[in-house]
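Engineer: Right, I'll just put the structure down here and ask away after.
The values are calculated or read from the model by the stated rules, or taken from the named source; none is laboratory data. Just so it is clear, the structure is predicted and the values come from calculations on it, not from any experiment. Here Cβ is always computed from backbone atoms with ideal geometry, including for glycine, and neighbour counts include all displayed protein chains.
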Amino acid sequence: MSDQKLPQKQLSPLWFTSSDSYPSLKGEIHADVCVIGLGGSGLSAMEAALDADLSAVGIDADRISGGAAGRNGGLLLAGTAKFYTQAITQLGRDKVRDIHRITMKEIQRVHHRDPDLVRMNGSVRLASDDTEKEDCRKQLDLLREDGFSAQWYSGVEGEGVLCSADATFQPYVLNQRNALRLKKRGARLFEKTPALELDSGRVKTPSGNVFAKTVVVAVDGGLEQLLPKLAQQVRTVRLQMLATAPVPSLQLNHAIYYRNGLDYWHQRPDNRIVIGGGRDHDSQAEKDKRIDTAAADPSEEVQNYLISLLQDVVGVPADTLITHQWAGHVAYHSADLPVFKEVQQGVFVIGAYNGHGNILGRLLGRETINLSRGKPTEITDLLKT
Ligand SMILES: Cc1cc2nc3c(=O)[nH]c(=O)nc-3n(C[C@H](O)[C@H](O)[C@H](O)COP(=O)(O)OP(=O)(O)OC[C@H]3O[C@@H](n4cnc5c(N)ncnc54)[C@H](O)[C@@H]3O)c2cc1C
């Protein structure tokens, strides 16, 4: 089925609220660091630059957190996009244990700073069949052997492995709040300012240039369009979500990851359910026409799949109102690991989190400033295959 227009409902994320706006760049501006892309990852890089006493300019083609960073499922998960069992096969046990530890610490850090926007409610990887259940059992054993808190979950939705250190959050408000913090510390932030050309030391935008010794490209969806040299490994994909009106008859305590992470949902404190996934039901997932913008159009085939999942698996009553339907772009990497490297002198790239960038993006944002200053970055080595 091809994309179709969806009637009624709000085609914007549940998370979007009124927020501060920032000017677009006009003229020439100089800084130590220029960050391109102001989602969670770019904002984290800006903060690290300020922490290192560097002056920082940030530009976004659209608006702060208007891309995947403000359109996602709101899950804060430890580890990489692969489950613990599969990640071990790829990276080895020691690395996977260390990545898990570092990413768990990052979740705690995000929670500690904004406890009103982050809920430490844990996640359940819910088994959709016997094969997945077996992998859940293996995952549980490995996590416990490595000293992480995990337990077997058995609840109304089914069985799986519960990781209590995972969390859920309000992504858009959290990123907007972080942007305001940066502005107060002297960072210069610009919206509606796309990077058109990148050279070492200069970023060209429609009405001005940024001159900076270090340039950080912190773009997830659309990364290969800005940097075509990455197109061999990186591809942009559309992911979709919807949100319901409050469902007080359900009380879901944890974030749920289902069908090996293809589907995911959780219930908000106001009892709304947010649910996303069904990428494998999206015949147009990689052919969205509007890939030049942070937004993407939701499609009827995936939204219908999500509605059937809501009713058949989550247990939401059939007459529940769907209030929001939306989509966003993310980048996937052929090796299932994020991009984190200097692509030309002074130009550092982070992105392609394989749909799992809320925590990894923040970590890499910070680490990329260390990398640019020649400081050791623990995570770089860990993410190498
Ligand atoms: C529907 C959906 C559900 C998801 N669910 C989860 C989840 O539950 N947990 C999780 O961890 N991850 C999830 N993800 C993935 C996660 O949202 C992303 O990996 C993460 O937000 C990436 O953040 P970022 O800051 O790196 O990039 P982005 O949020 O993509 O930000 C990049 C910014 O760069 C800007 N930009 C692009 N091109 C240019 C240019 N040329 N010049 C200037 N600016 C430019 C964009 O406007 C955008 O604001 C989901 C993603 C989607 C779409």
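Engineer: Here are some conditions: (1) near the ligand (Cβ under 10 Å from one of its atoms); (2) charged (D, E, K, R); (3) part of a strand (DSSP E or B). Residue 220 meets all but one. Which one does it not meet?
Structural biologist: (3)
Engineer: With the structure loaded, tell me whether residue 276 is over 28 Å from residue 25 (Cα atoms), within 10 Å of the ligand (Cβ to nearest atom) and either within 23 Å of the chain's Cα centre (by Cα) or not in a loop (DSSP other than H, G, I, E, B) (or both) or whether it fails that test.
Structural biologist: When the stated conditions are applied, residue 276 passes them.
Engineer: Next up: Go through region 331-343 and report how many residues are buried (at least 21 other Cβ atoms within 10 Å of the Cβ), in contact with a strand residue (DSSP E or B) (Cβ under 9 Å, 6 or more places away or on another chain) and aliphatic (A, V, I, L, M).
Structural biologist: Number of matching residues: 2.
Engineer: Please list, ordered by first then second residue, the pairs with beta carbon atoms under 7 Å, 6 or more apart or interchain, first in region 140-151 and under 9 Å from residue 164 (Cα atoms) and in contact (Cβ under 8 Å) with a residue 12 or more places away in the chain, second hydrophobic (A, V, I, L, M, F, W, C) and surrounded by 17 or more Cβ atoms within 10 Å (Cβ to Cβ).
Structural biologist: 149/165; 150/140; 150/143; 150/161; 150/162; 150/163; 151/162
Engineer: Please report, ordered by residue number, the helices (runs of 4 or more DSSP H) entirely within region 1-93 with at least 3 residues that are under 30 Å from residue 306 (Cβ atoms) and within 13 Å of the chain's Cα centre (by Cα).
Structural biologist: 40-51, 68-71
Engineer: Kindly indicate the residue of region 238-256 that is modelled with pLDDT of 95 or more and touching a Phe, Trp or Tyr at 6+ places or on another chain (Cβ under 9 Å) and also farthest from the ligand (Cβ to nearest atom) among those meeting that condition.
Structural biologist: In this case the residue turns out to be 254.
Engineer: Another question, then. Suppose we filter 93, 63 for residues that are in contact with an Asp or Glu (Cβ under 9 Å, 6 or more places away or on another chain), more than 21 Å from residue 334 (Cβ to Cβ) and more than 13 Å from the ligand (Cβ to nearest atom); which single one remains?
Structural biologist: 93
Engineer: Name the strands (runs of 3 or more DSSP E) wholly within region 302-360 that hold at least 1 residues that are near the ligand (Cβ under 8 Å from one of its atoms) and within 28 Å of residue 252 (Cβ to Cβ)?
Structural biologist: It comes to 322-333.
Engineer: Does residue 226 satisfy the criteria of being on the phi < 0 side of the Ramachandran plot, surrounded by 21 or more Cβ atoms within 10 Å (Cβ to Cβ), in contact (Cβ under 8 Å) with a residue 60 or more places away in the chain and among the hydrophobic types (A, V, I, L, M, F, W, C)?
Structural biologist: The answer is no for residue 226.
Engineer: Okay, next question. Of the residues that sit in region 52-95 and are among the polar types (S, T, N, Q) and surrounded by 24 or more Cβ atoms within 10 Å (Cβ to Cβ), which one is nearest to residue 214 (Cα to Cα)?
Structural biologist: Filtering region 52-95 for residues that are among the polar types (S, T, N, Q) and surrounded by 24 or more Cβ atoms within 10 Å (Cβ to Cβ), the one nearest to residue 214 (Cα to Cα) comes out as 65.
Engineer: A further question follows. So which of 315, 361, 346, 277 is on the phi > 0 side of the Ramachandran plot and buried (at least 24 other Cβ atoms within 10 Å of the Cβ)?
Structural biologist: It is 277.
Engineer: Among the residues of region 12-29, is any modelled with pLDDT under 95, loosely packed, with under 15 Cβ neighbours inside 10 Å and within 13 Å of the ligand (Cβ to nearest atom)?
Structural biologist: Looking through region 12-29, at least one residue is modelled with pLDDT under 95, loosely packed, with under 15 Cβ neighbours inside 10 Å and within 13 Å of the ligand (Cβ to nearest atom).
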